[in-house]
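Have a look at this one.
The values are calculated or read from the model by the stated rules, or taken from the named source; none is laboratory data. Given the structure is predicted, the values throughout are model-derived calculations rather than measurements. As a convention, Cβ positions derive from the backbone with ideal geometry for all residues, glycine included, and neighbour counts pool all protein chains shown. Accessible surface is based on the protein model in full, side chains and every heavy atom, while ligands, DNA and RNA are left aside. Shrake-Rupley method; radii C 1.70, N 1.55, O 1.52, S 1.80 Å.
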Amino acid sequence: MAFHWYFDEEARLLDERPWELRAEEIPRYPLGALLERGARTVLALALGLAVALLLQRLQPTEMAQARAEMADLLREEAQAWLEGDWQEIQALLDPNAHPDWIRWHLRSLEARRNWARGDARQPVLQVVAARSMGLQRVRATVLYSQLEVPQDYPMQEGVVFRRVEGRWRRSAPGSAGWGPLHLKRAGPLYWEYRAEDMAGVAQLAPAIPAAYAEMRRALGLPPEDPAAPLTVRIVVDPALVRPPVFVGRQLTLLSPHLARRRATDSPAQALSRPLMLGLAERATEEALPEQGLHPGWGVLYRGIQRWLARHFNPLLPPDDAPDWAPLRRELAERGLPNLAQLREPRYGGYFWRSRWADLAAEALVRHALERYGFERLPHLLDGMAESQDWETLSLRAFGVSAPALEAGWQTMLEELGQSTVQGR
């Protein structure tokens, strides 16, 4: 077991600033201040080593007990989440965690509760591993065999706990234990990440340039300008992460060691999913005609992006499939949708069951391109800018009537509804 120790709040603030600023500011410290800082560092390392030696003597049963306590805390939080008791959830958190993280965590849970609505349920989870991230801090790996809503795949995520008055509490990840920042250039992408994510980036970064170039060619675009590279930041502060969309020329992703992901995904595969979705969003925005989308094609447009992200992902197996659970639920309760339903406004709440439309649109794009040819993709985007109905769009993009397109798509959905996760 490896231990990484962390003690000083001032050091935390310094460590979380960009590395360029730290490098510039180091020469400005007076010699006395540097010596004082060095003395504190030596003391911290000595204390850390003593605690590490003590922890290494823990018996497996004691480590299992610690993991069980963490799991119990998460179940308490999940029960309060079901009941919408945000005060109770806050009482379960590390009281010394950064206030910004506490606010972010509570808002995220409230949004997830609104998203789940009547389908919310108690998750089934266990803490399967724990790694020290500093004094009294542990990063636990949590495995979910059942999520808060129905799903096709077991999931996992990393949760940081801190020991507070004899009890484990969920806490802010911080930057301690993640190692120094690194920069890496691979093709049109700059990567910024910490040492803990080095192995995942080393596997993923070399594979992306060719895959992204192939995606752009499929959309009729030239390669990304190498003189103005894109930046991918992998961070450990979830409050910095937004949906996988480039802001300017920068995409910010959460470390896969913290992000909720499929349990079968490696860290590199987990990173590749939001990365490819961000690249697909960027490329489709560039490929759209100048007039943009005609109103009403938003769901289909997202379906194109989802298909691109999956089809051109170099790290996923050929049979990789999305989590079809919301779509299967829709098929079981309301039967096969028609094309007109993909043009209707999304119903309110943005909750779990409304995801069926995005999944159905991705299935439509897959069916149409496999049936009529991948070279039709640019025609589909052009048609979405100029067509106001399915008949016009289908004829323009694929050379077939809308009923013919719909029939093939519904056949795919019918087979999907009859399949199981194992036999998809």
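Does the stretch 138-156 contain any residue that is crowded, with 19+ Cβ neighbours inside 10 Å, closer than 26 Å to R262 by Cβ, more than 20 Å from the chain's Cα centre (by Cα) and at pLDDT below 95?
Within the stretch 138-156, one or more residues are crowded, with 19+ Cβ neighbours inside 10 Å, closer than 26 Å to R262 by Cβ, more than 20 Å from the chain's Cα centre (by Cα) and at pLDDT below 95.
Any residue that is more than 18 Å from the chain's Cα centre (by Cα) and open to solvent by 20 Å² or more (accessible area, probe 1.4 Å) - is there at least one of those in the stretch 322-330?
There is at least one residue in the stretch 322-330 that is more than 18 Å from the chain's Cα centre (by Cα) and open to solvent by 20 Å² or more (accessible area, probe 1.4 Å).
Are there any pairs with C-beta distances below 8 angstrom linking a residue in the stretch 397-408 that is surrounded by fewer than 16 Cβ atoms within 10 Å (Cβ to Cβ) and part of a helix (DSSP H, G or I) to a residue that is among the polar types (S, T, N, Q) and at pLDDT 95 or above, with the two at least 6 apart or on different chains, and if so which?
From residues that are surrounded by fewer than 16 Cβ atoms within 10 Å (Cβ to Cβ) and part of a helix (DSSP H, G or I), the pairs are A404/S394.
Does P226 meet the test of being in a loop (DSSP other than H, G, I, E, B), surrounded by fewer than 19 Cβ atoms within 10 Å (Cβ to Cβ) and free of Cβ contacts under 8 Å to residues at least 12 places away in the same chain?
Considered against the rule, which asks whether it is in a loop (DSSP other than H, G, I, E, B), surrounded by fewer than 19 Cβ atoms within 10 Å (Cβ to Cβ) and free of Cβ contacts under 8 Å to residues at least 12 places away in the same chain, P226 comes out as no.
Sticking with this one: Just give me the residues in the stretch 61-92 being in a helix (DSSP H, G or I) and of a type in the set (D, E, K, R), in sequence order.
Correct list: E62, R67, E69, D72, R75, E76, E77, E83, E88.
Among P256, P274, which is the only one that is over 25 Å from P222 (Cβ atoms) and under 15 Å from the mean Cα position of the chain (by Cα)? Walk me through how you get there before you give the answer.
Numbers: P274 fails: over 25 Å from P222 (Cβ atoms).
Every option except P256 fails the conditions.
Tell me yes or no: at least one residue of the stretch 192-210 is open to solvent by 20 Å² or more (accessible area, probe 1.4 Å), part of a loop (DSSP other than H, G, I, E, B) and in contact with a helix residue (DSSP H, G or I) (Cβ under 8 Å, 6 or more places away or on another chain).
Taking every residue of the stretch 192-210 in turn, none turns out to be open to solvent by 20 Å² or more (accessible area, probe 1.4 Å), part of a loop (DSSP other than H, G, I, E, B) and in contact with a helix residue (DSSP H, G or I) (Cβ under 8 Å, 6 or more places away or on another chain).
Among the residues of the stretch 55-92, how many are at pLDDT below 80 and farther than 18 Å from R167 by Cα?
Residues meeting the conditions: 4.
Does G220 count as outside any strand (DSSP E or B), touching a Lys or Arg at 6+ places or on another chain (Cβ under 7 Å) and either of a type outside the set (V, I, T) or open to solvent by less than 20 Å² (accessible area, probe 1.4 Å) (or both)?
no
Also: If you go through the stretch 229-244, how many residues are buried (at least 19 other Cβ atoms within 10 Å of the Cβ) and in contact with a Phe, Trp or Tyr (Cβ under 8 Å, 6 or more places away or on another chain)?
Total meeting the criteria: 5.
Within the stretch 107-139, count every residue that is under 18 Å from E77 (Cα atoms) and polar (S, T, N, Q).
4
Out of all the residues in the stretch 213-249, which are of a type in the set (K, R) and over 12 Å from the mean Cα position of the chain (by Cα)? Talk me through it step by step, then tell me what you get.
The first filter runs over the stretch 213-249 and keeps only residues of a type in the set (K, R), leaving 216-217, 233, 242, 249.
The answer is R216, R217, R233, R249.
Now, a different point. Would you mind telling me which numbered condition in (1) touching a helix residue (DSSP H, G or I) at 6+ places or on another chain (Cβ under 8 Å); (2) part of a helix (DSSP H, G or I); (3) open to solvent by less than 60 Å² (accessible area, probe 1.4 Å) R302 fails?
Evaluating R302 over (1) touching a helix residue (DSSP H, G or I) at 6+ places or on another chain (Cβ under 8 Å); (2) part of a helix (DSSP H, G or I); (3) open to solvent by less than 60 Å² (accessible area, probe 1.4 Å) leaves (3) as the failure.
Inside the stretch 93-107, can you point out the residues that are surrounded by 15 or more Cβ atoms within 10 Å (Cβ to Cβ) and in a helix (DSSP H, G or I)?
W101, I102, W104, H105, L106
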